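The structure under discussion appears below in the form of structure tokens.
The values are calculated or read from the model by the stated rules, or taken from the named source; none is laboratory data. On a predicted model such as this, the values are computed, not experimentally measured, just so you know. Every residue, glycine as well, gets a Cβ built from its backbone with ideal geometry; the counts of neighbours run over all protein chains shown.
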Amino acid sequence: MTKLLVTGSSGLIGSEVVRYFDRMGWQIIGVDNNMRADFFGEKGDTRWVQYQLGQQCDNFRHIELDIRDRKAVLELMQTIRPDYICHTAAQPSHDLAASRPFDDFDVNAVGTLNMLEAIRQYCPESPMVHMSTNKVYGDAPNRLQLKETETRWDFADPEYYDGIRETFSIDQSKHSLFGASKVAADVMVQEYGRYFGMPTCALRGGCLTGPNHSGVELHGFLSYLIKVNLTEREYTVFGYQGKQVRDNIHSYDVARFIHAFFQDPRRGEVYNIGGGRANSTSILEAFQRIEGISGKPMRYRYDEKNREGDHICYISNLSKMKSHYPAWDITKSLQDAFEEIAESWCQRLEV
């Protein structure tokens, strides 16, 4: 039976990957230690996902392991020797990284190095996909000429109409400490591919979303926004008049691309993975969309200070992904994502 190792298996992308490949009959080994609860408190707890996977996925086995534990990671890889690896475990918050820089770097950068070296020692031919982030570009996208409309900021230069390409510079910009630790991991994934000839890729995600996201204010933009609307609480908009734009990709479409890469792996590749222009939204536009679904008005307050290193407008250019893997495309619309997330929160919160 094909063996897949998934780190961060209780997270949004990790759990989607577990479900996707479980349906294919693969043996799934999930690694998670619920570090999200440590980072974000009770509201970020993902044990409910772990329990759900154990109940619903016949081929899933959970292993409690901290990827910062180098000896444990090496021993795990030596024992399992998986055919494929999907590395999604991470500290995902800008704000939290600033207050816990050692934890942020140890999880994101050192944890990724631990994984790569363990793979190199025990299963170097096994394709490895790493979930990186668009924050590797820092705030450099903010230097692009922008235009303001009634509800959003947008790229003024037609060259960027379809979004940011992988050739965009990751240098000489403010990343936040989170962005910097993810740059270290991203480049290391590339280097193990290029230097050692291993099949690796880094997926530079835009806003990754879906119904199994435990969204909190510091991470999980769309999930958290929808939760706030459904519970009729107050949302805080941080700067840019609420017109900052993100492209959103459903976790299912991410899992589909990971499968495509596994089937035809490359060495040391990077891809900007997001929803593209069609699945982009500003915060103000997101307010309108969830109001249309829930029938509840969005309560919010405005804070003039934007988050450090935050993007004003970010849209992923998907042309490289589609050229390398022409059978892959977005299948879940932005409306699909909103409706599924809303339904999931309604079930969890009983609202």
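Put simply, of 206, 163, 210 the only residue that is of a type in the set (Gly, Ala, Ser), buried (at least 21 other Cβ atoms within 10 Å of the Cβ), over 13 Å from the mean Cα position of the chain (by Cα) and under 15 Å from residue 274 (Cβ atoms) is 163. Residue 224: of a type outside the set (A, V, I, L, M, F, W, C) and in contact with a Gly (Cβ under 9 Å, 6 or more places away or on another chain), yes or no? It is true that residue 224 is of a type outside the set (A, V, I, L, M, F, W, C) and in contact with a Gly (Cβ under 9 Å, 6 or more places away or on another chain).
Between 267, 233, 277, 256, the distinction of being at pLDDT 95 or above, surrounded by fewer than 22 Cβ atoms within 10 Å (Cβ to Cβ) and touching a Gly at 6+ places or on another chain (Cβ under 6 Å) belongs to 267 only. Just for the stretch 326-337: of the residues that are touching a strand residue (DSSP E or B) at 6+ places or on another chain (Cβ under 9 Å) and of a type outside the set (Gly, Ala, Ser), which one is surrounded by the most Cβ atoms within 10 Å (Cβ to Cβ)? By that ranking, first place goes to 334.
If you take the residues in the stretch 31-78 that are of a type in the set (Gly, Ala, Ser) and under 22 Å from residue 109 (Cβ atoms), which one is modelled with the lowest pLDDT? Here the answer is 44. Of note, residue 80 does not satisfy the criterion of being in contact (Cβ under 8 Å) with a residue 60 or more places away in the chain and within 18 Å of the chain's Cα centre (by Cα). Hey, can you tell me all the residues within the stretch 301-349 that are under 29 Å from residue 139 (Cβ atoms), assigned to a helix (DSSP H, G or I) and charged (D, E, K, R)? Scanning the stretch 301-349 gives 320, 322. Residues in the stretch 11-27: is at least one surrounded by fewer than 18 Cβ atoms within 10 Å (Cβ to Cβ) and in contact with an Asp or Glu (Cβ under 6 Å, 6 or more places away or on another chain)? No. The set of residues in the stretch 127-143 that are under 16 Å from residue 14 (Cβ atoms) and of a type outside the set (A, V, I, L, M, F, W, C) comprises 130, 132, 133.
Screening the stretch 122-171 for strands (runs of 3 or more DSSP E) wholly inside it with 2 or more residues that are touching a residue at least 40 places away in the same chain (Cβ under 8 Å) and more than 30 Å from residue 75 (Cβ to Cβ) returns the ranges 146-148, 153-155.
In the stretch 236-253, the residue that is modelled with the lowest pLDDT out of those that are of a type in the set (Phe, Trp, Tyr) and on the phi < 0 side of the Ramachandran plot is 238. Of everything in the stretch 60-102 that is of a type in the set (D, E, K, R) and in a helix (DSSP H, G or I), the residue that is farthest from residue 5 (Cα to Cα) is 95. Taken over the stretch 252-300, residues that are in a loop (DSSP other than H, G, I, E, B) and within 17 Å of the chain's Cα centre (by Cα) amount to 3. Across the stretch 142-160, which residue is surrounded by the most Cβ atoms within 10 Å (Cβ to Cβ) among those that are in contact with a helix residue (DSSP H, G or I) (Cβ under 8 Å, 6 or more places away or on another chain) and under 30 Å from residue 90 (Cβ atoms)? So, considering only residues that are in contact with a helix residue (DSSP H, G or I) (Cβ under 8 Å, 6 or more places away or on another chain) and under 30 Å from residue 90 (Cβ atoms), the one surrounded by the most Cβ atoms within 10 Å (Cβ to Cβ) is 152. Could you give me the residue pairs with C-beta distances under 6 Å whose first residue belongs to the stretch 299-320 and is of a type in the set (Val, Ile, Thr), whose second residue is assigned to a strand (DSSP E or B) wherever it lies, and which are 6+ apart or on separate chains? Listed by first residue and then by second, the contacts come to 312/153; 315/247; 315/280.
For the stretch 40-48, the criterion of being in a helix (DSSP H, G or I) and hydrophobic (A, V, I, L, M, F, W, C) is met by at least one residue.
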